[in-house]
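The values are calculated or read from the model by the stated rules, or taken from the named source; none is laboratory data. Nothing here was measured: the structure is a model prediction, and the numbers come from that model. Here the Cβ positions follow ideal geometry from the backbone for every residue, glycine too, while neighbour counts run over all protein chains shown.
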Amino acid sequence: MKKPIYLDYAATTPVDPDVAQAMCGCLTMDGVFANPASRSHIYGWQAEEQVETARGEVADLLSCDSREVVWTSGATESNNLALKGVFEKAGYRGHLITSLAEHKAVIDPAKWLAEKGVEVTWLQPDASGLVALEQVKAALRPDTRLVSLMHVNNETGSVTPVAEIGEFCREVSEGRPHEVLFHVDAAQSVGKLPVDVNQLQVDLLSLSAHKFYGPKGVGALYVRRKIQPLLAPIMHGGGHERGMRSGTLPTHQLVGMGAAARLSRERLTDEMPRIALLRDQLWAGIADLPGVRRNGSADLVSPIHLNVCFSGLDGEALQLSLRELAVSSGSACTSASIEPSYVLKAMGLSDADAHSSIRFSLGRFTSRDDVEMAVVHIRNVVLQLQSG
Ligand SMILES: *Cc1c(COP(=O)(O)O)cnc(C)c1O
């Protein structure tokens, strides 16, 4: 059977062959398999060296210091550590600002914190899926301890003005008894847009290897050095990662993430415009179809995302008919249920329009041929469903 064209890179990416090769060197007896925390033999020293090299690659990708990279199991854990870690340290007192367009891996920890007594303000994205600095300003309170917003929305690709909000959080922190910390879920932007933690002025930043051609099950939280004392661990054990996250480090996973980070840094300036051009060709090929609209911002958007509302068509039926394409309706995390996307609904789409929306996301291995075939297929399916 011929497999469908993969246009679901926002859900996950395949591991780059170079990354897979690096990982294979860290599994078996003749590879670098050991526990990086083993101090008494060369196996451990070699593993530690490779893990630290990988940490340096991730630090280079984010323009931070290696000592600011905390390994985790992925962006879900990084988000949990950021939100719970800050408020655990603060005795579950104070105020959190976040948005209704966040990934569930921020929304659910925020709800959990609300049950513990933290007061949460939920910002509403505008019609293009964006949260503005003005909204953060208006929501700020004397007891605000954390602002948590995503860099790129996983469903629409809309890009939050992170640097402006970061600058604002730093300014208002001066003269306060406690800082207003700024956390950014950057799982959808790392490797797709430039992410420089100093330029963005963030304190905490989550990333996930499997969104940029690394393996699943590994990620990191950037924790600015100065605020490390303000973060409590949520995983207790051997005191790894300077006490912020215990657990034996998975050498092969981290080496894979490091290799993926290096490839992303090397290729970003070529890859971004190439993929954006293909995405624009995909949109140009279907934009004239009756009832078709683009969801989210057309300007402030990641290079890989295209979220389209096929008004009047049922999303499930559409996805079933688009057999030659691997795409997503809503996000991978919510498509197990038939609930329409809460992100699109927060942007003001009706249930029906949210149901009729499809996310296309492109990546490193998407070709011009893929896009041309996708356009023909989408046109056929839509015209067929509309006439039927
Ligand atoms: C994929 C994703 C996550 C979850 O990352 P995992 O590493 O799979 O846990 C969190 N936030 C956003 C925005 C994502 O796209």
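To keep it simple, each residue is scored yes or no on (1) surrounded by 14 or more Cβ atoms within 10 Å (Cβ to Cβ); (2) touching a residue at least 24 places away in the same chain (Cβ under 8 Å); (3) touching a Pro at 6+ places or on another chain (Cβ under 6 Å); (4) part of a helix (DSSP H, G or I).
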residue: 323; (1), (2), (3), (4): no, yes, no, no
residue: 358; (1), (2), (3), (4): yes, yes, no, no
residue: 364; (1), (2), (3), (4): yes, yes, no, no
residue: 370; (1), (2), (3), (4): yes, yes, no, yes
residue: 380; (1), (2), (3), (4): no, no, no, yes
**Report entry** Filter result (modelled with pLDDT of 95 or more, away from the ligand (no atom under 11 Å from the Cβ) and acidic (Asp, Glu)) within the stretch 172-200
**Finding:** 196
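Looking at residue 297, is it modelled with pLDDT under 95, under 25 Å from residue 159 (Cα atoms) and either among the aromatic types (Phe, Trp, Tyr) or in contact with a Lys or Arg (Cβ under 9 Å, 6 or more places away or on another chain) (or both)?
Working: modelled with pLDDT under 95: yes; under 25 Å from residue 159 (Cα atoms): yes; either among the aromatic types (Phe, Trp, Tyr) or in contact with a Lys or Arg (Cβ under 9 Å, 6 or more places away or on another chain) (or both): no.
No.
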Report task. Return the pairs, sorted by first residue and then second, in which the second residue is of a type in the set (Gly, Ala, Ser) and near the ligand (Cβ under 8 Å from one of its atoms), the first residue lies in the stretch 63-80 and is closer than 13 Å to residue 243 by Cα, the beta carbons are less than 7 Å apart, and the residues are 6+ apart or on different chains. Result -> 72/78; 72/219
Query raised in the report: If you go through the stretch 201-219 one residue at a time, how many are crowded, with 24+ Cβ neighbours inside 10 Å, more than 13 Å from the ligand (Cβ to nearest atom) and not in a strand (DSSP E or B)?
Result: 3
Query raised in the report: If we scan the stretch 26-48, do we find a residue that is in contact with a strand residue (DSSP E or B) (Cβ under 7 Å, 6 or more places away or on another chain), at pLDDT 95 or above and surrounded by 17 or more Cβ atoms within 10 Å (Cβ to Cβ)?
Result: no
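For the stretch 277-316, give me each residue that is part of a helix (DSSP H, G or I) and over 11 Å from residue 358 (Cβ atoms).
If we filter the stretch 277-316 for residues that are part of a helix (DSSP H, G or I), which is where we start, we get 277-286, 315-316.
Of everything in the stretch 277-316, those that are part of a helix (DSSP H, G or I) and over 11 Å from residue 358 (Cβ atoms) turn out to be 277, 278, 279, 280, 281, 282, 283, 284, 285.
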Report task. Just one of (1) in a strand (DSSP E or B); (2) surrounded by fewer than 24 Cβ atoms within 10 Å (Cβ to Cβ) trips up residue 222, so point out which. Result -> (2)
Report summary line: Residue hits (the stretch 273-311; aromatic (Phe, Trp, Tyr) and surrounded by fewer than 19 Cβ atoms within 10 Å (Cβ to Cβ)) are 283
